[in-house]
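**Student:** Shown below is the structure under consideration.
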Amino acid sequence: MRNLQLQLARLDQSGRGRGESWRPVPCTELSPIRRFFDLQAGSIWSDLATILSNVSGTIVDVGCGAQPYRSLMPQAVTYIGIDTLDAKSAFGYETPDTRYYDGHTWPLEDESADLVLATETLEHVPDPRHFVREAFRVLRPRANLVLTVPFAARWHFIPHDYWRFTPSGFRCILDEAGFTDLKIYARGNAVTVASYKNLALLAALLLPQTRSPLKGLVLRTVGLFTLPLFVMLAIIGNLSLRTAGGDDCIGYTVLAMKPPAGES
């Protein structure tokens, strides 16, 4: 037992047990510049611009945050944004026309939605099986669920980032909930991931998250010398998103349909 304690003490001293301290910039207005340098947000925007361009009826945006993708929907839709009560304290989001709830039962009637959208939300849900069952409940027959999740992304928003989903994981929980016509699209490939990781390293210099003004000034000064590389990596990453998706990707976009009544 003493040997084990000594080994654990060495691991503790290594600093490997430290928690996450870095937090992503809140996803509010997704300007073209942010979409270019933020490969996650840019790839999601590109997929949703295609998916949401012709939607109609009642669209429910779950975990909507600051509703950054609302502008991609036709103005004629009935938009409902819902989020958890701790969205402000945990994530920094507070939007006037959002319905806030306890995070368990969605504040919606059965079969009242024509599409459910959840962008970068499922990884923050303690019980993802319940989440997709709620989506199934509120969707009308033949209506669609649209999910996006990160894959090769860092742990973020402690302690609210719980999962990373694979295609097999999606098939497991969505089939179990009763969804059909499952389609899973990888966003990016190994080149995208390499670009994304290196951009994140350089972003820590260009946009340091430190309380020390002197340290921040030093990091930004050093970061300026890496700016050409930062731009080049963003170009490579965006070009890679136009090629085939790979097993190693920055995230997934998932579509599933609630079958007609009586079918499964």
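**Student:** Is at least one residue of the range 224-244 among the small types (Gly, Ala, Ser), in a loop (DSSP other than H, G, I, E, B), touching a residue at least 24 places away in the same chain (Cβ under 8 Å) and over 30 Å from GLU134 (Cα atoms)?
**Tutor:** Looking through the range 224-244, at least one residue is among the small types (Gly, Ala, Ser), in a loop (DSSP other than H, G, I, E, B), touching a residue at least 24 places away in the same chain (Cβ under 8 Å) and over 30 Å from GLU134 (Cα atoms).
**Student:** Restricting to the range 126-158, count the residues that are part of a strand (DSSP E or B) and either among the charged types (D, E, K, R) or out of contact with any helix residue (DSSP H, G or I) (no Cβ under 9 Å at 6 or more places or on another chain) (or both).
**Tutor:** 5
**Student:** I've got another one for you. Quick check on ASP114: is it assigned by TED's automatic domain parsing to the domain that holds LEU174, of a type outside the set (Gly, Ala, Ser), over 23 Å from PRO150 (Cβ atoms) and exposed (fewer than 13 other Cβ atoms within 10 Å of the Cβ)?
**Tutor:** So ASP114 does not fit the description; no.
**Student:** Related question: Is it the case that some residue within the range 252-260 is in contact with a strand residue (DSSP E or B) (Cβ under 8 Å, 6 or more places away or on another chain), crowded, with 20+ Cβ neighbours inside 10 Å, assigned by TED's automatic domain parsing to the domain that holds PRO150 and among the charged types (D, E, K, R)?
**Tutor:** Checked against the condition, which is being in contact with a strand residue (DSSP E or B) (Cβ under 8 Å, 6 or more places away or on another chain), crowded, with 20+ Cβ neighbours inside 10 Å, assigned by TED's automatic domain parsing to the domain that holds PRO150 and among the charged types (D, E, K, R), the range 252-260 yields at least one hit.
**Student:** With (1) in contact with a Pro (Cβ under 9 Å, 6 or more places away or on another chain); (2) surrounded by 14 or more Cβ atoms within 10 Å (Cβ to Cβ) as the list, and PHE230 as the residue in question, which single condition is left unmet?
**Tutor:** Answer for PHE230: the failing condition is (1).
**Student:** On the phi > 0 side of the Ramachandran plot and outside any loop (DSSP other than H, G, I, E, B): is that true of ASP181 in this structure?
**Tutor:** Taking the combined requirement at face value, the residue satisfies it.
**Student:** May I pose another question? With (1) aliphatic (A, V, I, L, M); (2) surrounded by 14 or more Cβ atoms within 10 Å (Cβ to Cβ); (3) in a helix (DSSP H, G or I) as the list, and ALA186 as the residue in question, which single condition is left unmet?
**Tutor:** (3)
**Student:** Residue by residue through the range 245-264, note down the ones that are out of contact with any Ser or Thr (no Cβ under 7 Å at 6 or more places or on another chain), within 21 Å of GLU120 (Cβ to Cβ) and in a loop (DSSP other than H, G, I, E, B).
**Tutor:** Listed by number, the residues that qualify are GLY245, GLY246, ASP247, ASP248.
**Student:** Ok, one more. Just give me the residues in the range 93-117 being acidic (Asp, Glu) and touching a strand residue (DSSP E or B) at 6+ places or on another chain (Cβ under 8 Å), in sequence order.
**Tutor:** Of everything in the range 93-117, those that are acidic (Asp, Glu) and touching a strand residue (DSSP E or B) at 6+ places or on another chain (Cβ under 8 Å) turn out to be ASP97, ASP102, GLU111, ASP114.
**Student:** Only one of PHE91, PHE36 is touching a residue at least 60 places away in the same chain (Cβ under 8 Å) and surrounded by fewer than 16 Cβ atoms within 10 Å (Cβ to Cβ); which?
**Tutor:** PHE36
**Student:** Here's something else I'd like to know. Given the structure, is LEU205 touching a helix residue (DSSP H, G or I) at 6+ places or on another chain (Cβ under 8 Å) and among the aliphatic types (A, V, I, L, M)?
**Tutor:** Yes.
The values are calculated or read from the model by the stated rules, or taken from the named source; none is laboratory data. As the structure is a prediction and not an experimental result, all values here were calculated from the model. Please note: Cβ atoms are built from the backbone with ideal geometry, for glycine as well, and neighbour counts cover all protein chains shown.
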